[in-house]
Amino acid sequence: MKKQIVALAMLLMLSSASVLAVDVQLHGFGTAGVAKSDSKFSVNDIGNEGPRPTFARDSRFGLNVSAKLSDRWDISSQFITKANSFEPITAQFFFIRLHASSQFNIRAGRMIAPTWLLSEQIEVGLTYPWVRLPYEVYILNPLRFFDGLSVAWTQQMGDWSLGIEVMGGSSTYKDKSFDDSKISYVNMPETFGGNVTLSDDKHVLLRASYVNALINGTANALVAASTIYPSMPIGSITVPSTLFNSERGQLISIGGKFDIGNFLVMTEAARRIITGNYLAVANSAYLTVGYHVGELMPFASGSWLGNLLGTGWPDPDPATIATATTSLSPLDNQYTLSGGVNYRVSPSVVWKLQYDYVRTNNTNAVMSKNAQVVSTSLDFVF
Amino acid sequence: MKIILFALLVFETQIININAAQSDVVVIVNKNFNYEVNSSFLSKIFLGREKEIPQGPIVQLLDLSEGDHIRDELYEKLVDKNPSEMKSHWSYLMFTGKGLPPKVVSSEDEMKRMVAESQNAIGYISSSKVDSSVKVLLQLK
């Protein structure tokens, strides 16, 4: 009901904008992607049936409707549909913004959480070189968007811009696994954080960010009946479980993008610390180097995730078995080595081809299995 | 006779090309715009990073449509970005909710007309199109 009211409010605002003859803009983006792994298990959220090629992992389409209401006020909204999403359409953001001065702007409404370096552009494939963002880093971020307030301050310093953004609010969403076997309900009633950005708008972008969230989460998982009742060799049952029970999550990252001469270098290190009923610290990082040759850009990339410390759940009763299949055990780690190429078909269209070599020391059917993945995508904006 | 006509045609074509090459892009404002703005600040305006002239008004930025060679020339010379880089730049700002792209006008004549009519508008045209209805803020060679 809340979503319908917000959507209606946005519609009314945009209708009013049209009636008042203000500048309303409609833009969109999308990715048509296909991926195939050689594993019968899920690898980096790529399906496990076959292994057959899947369009579900990377394909999506988004629409952006924005309107400038006056010199100081504007509204923006963005909706996305994804093949592997729980909801047919998700509102990524809808907010009203006040340009309070040349340095300050304030947004209120729903916004994408600025957690990692590229979190806000995670769905816009045209803006990054990979078919999908480095899995080992971006899987750590449970925060998709938040409803609340954001205040941004920008200071120009010669050719450089220094930006500081602070945000606060709450977030609630449902999600499903790639094969519909698990539906997660995540609620983060207290979320706050911020980031510092330094950019010259041409060659260098540096960003450090910190987000703190109180996390509650449950999941309904479909598991083999024999997992819980050994006397039942066939069939499956739904097991409710607790993913997070008022745990406190801290998400920290520092990253940079360097586009200098023919070289593109992107790198980021991230840490997630969860404290509460159990403790888990996970570190991750990636490094990508590309080289522009006209409209072509071959690239090589490596990303890594390691769980430095994880005490696990204090009470591993059957109800938490499903959780065990989604949590890294102590000392687990995974890395992916990737190589690929981008071809800029036009300013609005990029074709990508990518090969991933995934290795993990995890033996408990967690995030991935050792595998090789080949992916290709066509990213576009309009 | 045919050879002479062909020679004249080639000569005329070359004159037209020379004129086109010599026509610079100029950033234009309203005649009553009385603020000093340097090229560095203008580049930030055209990248959507600045919206307000120091001690001055909030500007209304105007843009030609994608594919227009005057547009491509302006961004190459002013902000050192080609059309693909500009597309990525605005895609980032727009689809992350950080900014809105400028209002697009259909032609240089329309841009000149809108700048002449609006106190706060900033646009650009080729120098050969400049007349007394607008003021040149910056010439990009």
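The values are calculated or read from the model by the stated rules, or taken from the named source; none is laboratory data. Quick caveat: nothing in here was measured; it's all calculated off a predicted structure. Because the Cβ atoms are built from the backbone with ideal geometry, glycine has one as well, and the counts that use them run over all protein chains shown. Only protein heavy atoms, including side chains, enter the accessible area calculation; ligands, DNA and RNA are left aside. Shrake-Rupley method; radii C 1.70, N 1.55, O 1.52, S 1.80 Å.
Chains A and B: buried accessible surface, both sides, probe 1.4 Å, rounded to 100 Å²?
2800
Once amide H atoms are placed 1.01 Å from N in the peptide plane, what residues at a sequence separation of 5 or more from residue A:69, or on another chain, have their amide H within under 5 Å of its amide H?
A:74, A:75
Once every Cα of region B:24-140 carries one equal point scatterer and solvent is ignored, give the base-10 log of I(q)/I(0) from the Debye formula at q = 0.20, 0.21 Å⁻¹, two decimals.
Here the Debye-derived log intensity ratios amount to -1.12, -1.24.
Partner chain Cβ atoms within 10 Å, averaged over the residues of A:195-204 - can you pull that number for me?
That average works out to 2.
Answer with one residue from B:46, B:27, B:69: the one whose Cα lies farthest towards the positive end of the charge dipole of region B:23-103, charges on Cβ with Lys, Arg +1 and Asp, Glu -1.
Most positive-ward Cα: B:46.
Let me know the mean shielding of A:78-85 by other chains, meaning the per-residue number of their Cβ atoms within 10 Å of its Cβ.
1
Determine the residues within region A:88-110 where the difference in accessible area between the chain on its own and the full set of protein chains amounts to at least 40 Å²; count protein heavy atoms only and use a 1.4 Å probe.
Residues losing area: A:97, A:102.
So for each of A:122-133, A:99-110 I average, over its residues, the number of other beta carbons within 10 Å; can you give me the resulting order with the highest mean first?
Descending mean neighbour count gives A:122-133, A:99-110.
If you stretched the chain out fully between residue A:300 and residue A:73, how much longer would it get, using 0.36 nm times the residue separation minus the C-alpha to C-alpha distance?
Here the answer is 77.5 nm.
With every protein chain left in place, what is the accessible area per residue of region B:24-140 in square angstrom, probe 1.4 Å?
The answer is 40 Å² per residue.
So how do A:348-358, A:258-268 stack up, highest first, on mean other-Cβ count within 10 Å?
Listed from highest to lowest mean packing, they are A:348-358, A:258-268.
If the limit is 31 Å between Cα atoms, which of B:51/B:77; A:36/B:98; B:77/B:135; A:68/B:141; A:257/B:51 go over it?
From B:51/B:77; A:36/B:98; B:77/B:135; A:68/B:141; A:257/B:51, over 31 Å: A:36/B:98; A:68/B:141.
Just tell me how shielded A:347-359 is by partners: mean number of partner chain Cβ atoms within 10 Å of each residue's Cβ, no decimals.
2
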